[in-house]
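Asker: Pasting in a structure now, in structure tokens, and then I'll have a few things to ask.
The values are calculated or read from the model by the stated rules, or taken from the named source; none is laboratory data. Quick caveat: nothing in here was measured; it's all calculated off a predicted structure. So basically every Cβ, Gly included, is an ideal-geometry build from the backbone, and we count neighbours across all protein chains shown.
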Amino acid sequence: MTADNTARPIPTRRDLLRMIGLTAGGAAMYQAMSALGFAAESPYRGPIDLRGAPRGASVLILGAGMAGMTAAYELRNAGYHVQVLEYNPRAGGRNWSLRGGDVYTELGGATQHCRFDDGLYINPGPWRIPYHHRGLLGYCRRLGVALEAFVQVNYNAYLHSSSAFGGRPRRYREIKGDYQGHVAELLAKVVRQSALDVSVSKEDQERLLESLRDWGALDGNYAYTAGEPSSRRRGYEKNPGGGLSARPVPSNPIGLSDILESGLWQGVAAGDDFDMQTTLFEPVGGMGRIGEAFGRELGSIIRYDAKVVSIHQDAAGVSVAYQDRTNPGSGHLTARADWCVCTIPLPILAEIPMNVGAPMRAAIAAVPYAAAVKVGLQFKRRFWEEDEAIYGGITYTDLPITNIGYPNTGYQSPGKGVLLGAYIWGLNAMEFTAMAPQERVQRAVDYGARIHPQYHHEFDNGIAVAWHRSPFTMGCFGMWSPESRARHYDDLCRIDGRIALAGEHASYIGGWQEGAVTSALDAISRLHRLAVAQGEKA
Amino acid sequence: MSPRSRRIALGSLGAVALVAAAALSAGNDAAFTSTAGLGDADGAQIYSHICQGCHMAQGQGAVGAGYYPELAGDRSLASWRYIALTVLDGRNGMPPFGLPSSQAWEIRAAHLSDAQVADVVNYVRTHFGNHYQGTVSAAQVAALPHPGIGGAH
């Protein structure tokens, strides 16, 4: 333990927030800091009831992402005539996995060929599903999408600060065990010095002491020391074994001051937030399996390679002009329906002529889209498992890559393996976006090598997705501020004539697929009521 | 502690949140500007580290399902005020860069000082074949409305 508190940078509050942001997917950090920070359980309450669709009523859906396909699936099942226009040649939108053989061309024209081995992938967009995202989980069940566990917290993965412990990463179990042990010891001291006599009864003080010993792995004297109790939490210097070499050697805890100075305590609560609690899921074979299953289910309802050019509603319906991207010289085609559910991401929708009222127009223009970058790296072997016993989960670092995500599947497979080598937000994401893809990959390798020295020797190939360069979203997801949400959110969600908007941007679960699903269900419920009311008039 | 109370506790940190981050202790890496207001990055650096992510290296913009405007030959650049307001407020999905640091991080944007906004506006108005007259000063940018709570609205 060092006594020199001034010699090293003190962890700052911003570092803490940064770590939370990295811990959380999408909007969790934003929510933590905004007045909107409530842990909202999904409002999903089982399959939607859309009985009574007017005979012959039709709905045109723009976008075959999670919101659009949720809407299409339910409206079709309810008896509506449904057509979907999708810009990409595939279903899913941001629900997407990149696998060997895939080709991705970003805005600006850079084309990457994914050269991962069979069965290996990264999810450039969402990668985990909390257990309480019951809408999305419900569609996985109905569509037959197999799930497996997503490991959010791996006690043997690392917490890493480039300025602490000589830049060497520490195991999560060491930091968590030691932080918790020291805090428990301090609180036990306070109790035993009778400092809590006023606020805690004698009986409760006894129970509290016992619970602190249990919670903090304290010894018989309520101290957190090197020994059997602490090693059972933080790990041993030499693990217990069998035979003559069996005797374990306890490890030495890191001192409280070093833990505090390192800032690594910021990563201890990584799995405590509602969005990050066990159990989390991922689809077997990649997140994109959901979009693919939806696409198969909807079949020819979806018209792919259709770039929406304009959206026009009149008294009787909605007409959408679009261009067939496979035939760029051709003129515009037109699709028409009684109603329209538009899930086009707002930066794109803002540029498409559409005759809606000023409030919805203003709302569409009011939401900036987040910069985010993911880099997938294939290595010649699964060294993180073979050398370091890291099976799934996430390492957090203060380096610009911020995350290293280990595959939560295919454990102990021979052959190559793919890591998520970077998952970046904010300014660093903007900077990575401004680089050529191969430079993003190279930097992810260089930074990651500071944590895993095997990187340079084992690296095989990589692919990098910068969401502001995504031709079909122009950003990762909508970032509502408390002010913009107060001013514009209801106007965005309210149906304008015959047009309803849906997507994660029209939800309070921004950046999560559940936001897209629940926003679509909410929008089509309202649209259905309008259609039924109009059908009765007709 | 419940998730809710924890989040609320964190919320109180917002106002001071951005101060550090030069920390990007990766900071030794010259390719990365500091997150504390981008250090002293000038217009050219800000363009190549941030703007070109969308508007591209030669200001040529890009077209997909939507488009990023071309800055080369863009007539709207004739109005320095229009461009400065765009940088400060964002536009159609473009993040705002005029939020105070604390609020910028809330929406994962970045904060530029008024001098940096002026510098990057001057940069795009005089590059990519653009030759618009008149240099914008930090004071002129400071006089414009800024977004965010406590901004000059």
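Asker: Scan the stretch A:73-110 for residues that are within 19 Å of B:Tyr68 (Cα to Cα) and not aromatic (Phe, Trp, Tyr) and jot them down.
Answerer: Those that are within 19 Å of B:Tyr68 (Cα to Cα) and not aromatic (Phe, Trp, Tyr): A:Asn88, A:Thr105, A:Glu106, A:Leu107, A:Gly108, A:Gly109, A:Ala110.
Asker: Out of all the residues in the stretch A:412-449, which are more than 9 Å from chain B (Cβ to nearest Cβ) and basic (Lys, Arg)?
Answerer: Listed by number, the residues that qualify are A:Lys416, A:Arg440.
Asker: State yes or no: is A:Gln180 of a type outside the set (Phe, Trp, Tyr), at pLDDT below 95 and over 30 Å from A:Glu292 (Cβ atoms)?
Answerer: Answer is no for this residue.
Asker: Counting only residues that are more than 17 Å from A:Glu431 (Cα to Cα) and more than 10 Å from chain A (Cβ to nearest Cβ), which one in the stretch B:83-111 is surrounded by the fewest Cβ atoms within 10 Å (Cβ to Cβ)?
Answerer: Here the answer is B:Pro100.
Asker: For the stretch A:342-356, which positions are surrounded by 15 or more Cβ atoms within 10 Å (Cβ to Cβ) and under 25 Å from A:Arg469 (Cα atoms)?
Answerer: A:Cys342, A:Thr343, A:Ile344, A:Pro345, A:Leu346, A:Pro347, A:Ile348, A:Leu349, A:Ala350, A:Glu351, A:Ile352, A:Met354
Asker: I'm trying to understand the selection: among the residues of the stretch B:58-82, which are under 27 Å from A:Pro353 (Cβ atoms) and within 13 Å of another protein chain (Cβ to nearest Cβ)?
Answerer: Of everything in the stretch B:58-82, those that are under 27 Å from A:Pro353 (Cβ atoms) and within 13 Å of another protein chain (Cβ to nearest Cβ) turn out to be B:Gly59, B:Gln60, B:Gly61, B:Ala62, B:Val63, B:Gly64, B:Ala65, B:Gly66, B:Tyr67, B:Tyr68, B:Pro69, B:Glu70.
Asker: Here's something else I'd like to know. Take A:Ala486 and decide whether it is modelled with pLDDT of 95 or more, out of contact with any strand residue (DSSP E or B) (no Cβ under 8 Å at 6 or more places or on another chain) and buried (at least 24 other Cβ atoms within 10 Å of the Cβ).
Answerer: No.
Asker: For the structure I just gave you, tell me whether A:Gly242 is surrounded by 13 or more Cβ atoms within 10 Å (Cβ to Cβ) and assigned by TED's automatic domain parsing to the domain that holds A:Glu185.
Answerer: So A:Gly242 does not fit the description; no.
Here is a yes/no grid of residues against (1) at positive phi; (2) surrounded by fewer than 23 Cβ atoms within 10 Å (Cβ to Cβ); (3) part of a helix (DSSP H, G or I):
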{"residue": "B:Gly73", "(1), (2), (3)": "yes, yes, no"}
{"residue": "B:Leu77", "(1), (2), (3)": "no, yes, yes"}
{"residue": "B:Val121", "(1), (2), (3)": "no, no, yes"}
{"residue": "B:His127", "(1), (2), (3)": "no, yes, no"}
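Asker: Looking for something among the polar types (S, T, N, Q), in contact with a strand residue (DSSP E or B) (Cβ under 9 Å, 6 or more places away or on another chain) and not in a strand (DSSP E or B) - is there at least one such residue anywhere in the stretch B:79-89?
Answerer: Among the residues of the stretch B:79-89, at least one is among the polar types (S, T, N, Q), in contact with a strand residue (DSSP E or B) (Cβ under 9 Å, 6 or more places away or on another chain) and not in a strand (DSSP E or B), which makes the answer yes.
Asker: Sticking with this one: Search the stretch A:63-118 for residues being surrounded by fewer than 18 Cβ atoms within 10 Å (Cβ to Cβ) and β-branched (Val, Ile, Thr), and hand back the single one that is farthest from the other protein chains (Cβ to nearest Cβ).
Answerer: So, considering only residues that are surrounded by fewer than 18 Cβ atoms within 10 Å (Cβ to Cβ) and β-branched (Val, Ile, Thr), the one farthest from the other protein chains (Cβ to nearest Cβ) is A:Val103.
Asker: To continue, here is another question. Return the total of residues in the stretch A:208-228 being of a type in the set (A, V, I, L, M, F, W, C) and buried (at least 20 other Cβ atoms within 10 Å of the Cβ).
Answerer: 3
Asker: Considering only the stretch A:342-390, state which residues are of a type outside the set (Lys, Arg), in a strand (DSSP E or B) and within 25 Å of the chain's Cα centre (by Cα).
Answerer: A:Cys342, A:Tyr369, A:Ala372, A:Val373, A:Val375, A:Gly376, A:Leu377, A:Gln378, A:Phe379 - these are the residues of the stretch A:342-390 that are of a type outside the set (Lys, Arg), in a strand (DSSP E or B) and within 25 Å of the chain's Cα centre (by Cα).
Asker: Residues in the stretch A:278-293 that are of a type in the set (Gly, Ala, Ser) and part of a helix (DSSP H, G or I): how many? Write out each step before concluding.
Answerer: First, the residues of the stretch A:278-293 that are of a type in the set (Gly, Ala, Ser): A:285-286, A:288, A:291, A:293.
Those still in the list that are part of a helix (DSSP H, G or I) too: A:288, A:291, A:293.
Number of matching residues: 3.
Asker: Residues being surrounded by fewer than 22 Cβ atoms within 10 Å (Cβ to Cβ) and either assigned to a strand (DSSP E or B) or more than 14 Å from every other protein chain (Cβ to nearest Cβ) (or both): count how many of those fall in the stretch A:255-277.
Answerer: Summing the residues that are surrounded by fewer than 22 Cβ atoms within 10 Å (Cβ to Cβ) and either assigned to a strand (DSSP E or B) or more than 14 Å from every other protein chain (Cβ to nearest Cβ) (or both) in the stretch A:255-277 gives 5.
Asker: Let me ask another. Using the structure shown, decide if A:Ala362 is at negative phi and either touching a strand residue (DSSP E or B) at 6+ places or on another chain (Cβ under 6 Å) or of a type in the set (Phe, Trp, Tyr) (or both).
Answerer: Details: at negative phi: yes; either touching a strand residue (DSSP E or B) at 6+ places or on another chain (Cβ under 6 Å) or of a type in the set (Phe, Trp, Tyr) (or both): no.
So A:Ala362 fails the test.
Asker: Given A:Ile394, A:Ile390, A:Ile348, which one is within 14 Å of chain B (Cβ to nearest Cβ), in contact (Cβ under 8 Å) with a residue 40 or more places away in the chain and not acidic (Asp, Glu)?
Answerer: Values: A:Ile394 fails: within 14 Å of chain B (Cβ to nearest Cβ); A:Ile390 fails: within 14 Å of chain B (Cβ to nearest Cβ).
Testing whether each residue is within 14 Å of chain B (Cβ to nearest Cβ), in contact (Cβ under 8 Å) with a residue 40 or more places away in the chain and not acidic (Asp, Glu) leaves just A:Ile348.
Asker: Restricting the search to the stretch B:38-52, which residues are in a loop (DSSP other than H, G, I, E, B), more than 10 Å from chain A (Cβ to nearest Cβ) and touching a residue at least 12 places away in the same chain (Cβ under 8 Å)?
Answerer: Passing the criteria: B:Gly39, B:Ala41, B:Asp42.
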